[in-house]
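Novice: One structure coming up, written as C-alpha cells, with questions to follow.
FYI, it's all coordinate maths here, none of it is from the lab. Just so we're clear, the structure is a prediction, and the values are computed from it rather than from any experiment. A quick note on method: Cβ atoms are made from the backbone with ideal geometry, for glycine too, and the neighbour counts reach across all protein chains shown.
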C-alpha cells in the first residue's frame, strides 16, 4: 500500500511518564488498525505538529510511541495532558539509533559485514538494534553484539528467534511487556 493510500488512524491519548520517559500508549482501537503487532513506521501529527517515528509493540498486542523532548515542546505536551494524534503507516523506515558499542563492532568487523549492514533495509536494521538493545546485562549485550557480527558475516539479514511483538526497550520492558504506569 502506498503512503497516499494508507488510512489515517486518529486517536486521543494521554502523555505518560514511565521510567523517566514520556510516551503515549495507543488505544486498543487504534493499535488494532496498524498493519503489524510489531513495530510500525509512521508519519503523523500530534496536536498538529508533524513527526516521523516507529511505533513500538507493548508485548500485549498493543503499541506505544516515544515522545521525545523536541516533539513534546513543539506540541506543547506535558505528562498527564491529552494529545490529539493522527498517524499513517509510512512506506519508508527512518534509520534506527545505533548505540556506540554496536556501531564500533560493525565498523571493526570485516568489510562484508558493514556492506551487508548498509544493504539491508532500515526495517531489518531496526530488528538487529532491537535484539541487541533488549538486554539488561552488559555481558548479554556484548554477547548479542558478537553474535550479530557473526550472523551478519555469514550473510544473515535479520536476527533469528525473538518475538517481534514484545517490548524490547530495556528500560521500559519487563518480561517483554511495557511496564505499567
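Novice: Just want to confirm a number: the relative contact order over the stretch 3-89, from Cα pairs under 8 angstrom separated by 6+ residues, in percent.
Specialist: Contact order relative to length: 43 percent.
Novice: For the chain, what does the helix formula give at 222 nm: sum of -39500 (n - 2.57) over DSSP H segments with n ≥ 4, over the residue count, nearest 500 deg cm²/dmol?
Specialist: -9000 deg cm²/dmol
Novice: Could I ask something else about it? Mind checking the angle between helix 122-133 and the chain's longest principal axis? C-alpha axes, 0 to 90 degrees, to the nearest 10.
Specialist: 80 degrees
Novice: Quick one: give the max-minus-min coordinate of the C-alpha atoms of the stretch 3-89 along each principal axis, largest first, in Å.
Specialist: So the three principal-axis extents are 31, 28, 17 Å.
Novice: How long is the stretch 95-181 along each principal axis, judged by its Cα atoms, biggest number first, in Å?
Specialist: 44, 25, 22
Novice: Next question, about the same structure. In percent, how large is the relative contact order of the stretch 9-57, given Cα pairs closer than 8 Å and 6 or more residues apart?
Specialist: Once divided by the residue count of the stretch 9-57, the mean separation gives 25 percent.
Novice: Quick check on the exposure proxy: order 46, 145 from fewest to most C-beta atoms within 10 angstrom.
Specialist: Details: 46 24, 145 21.
Neighbour counts put them in this order, fewest first: 145, 46.
Novice: Would you kindly give the portion of the calculated P(r) for the chain that falls above 21 Å, as a percent of all Cα pairs?
Specialist: The proportion of pairs with Cα distances above 21 Å equals 52 percent.
Novice: With 5 Å bins from zero, work out the P(r) of the stretch 138-181 over every alpha carbon pair and list the percent per bin.
Specialist: Per 5 Å bin, starting at 0, the Cα pair percentages come out as 5, 20, 18, 23, 18, 9, 4, 1, 0.
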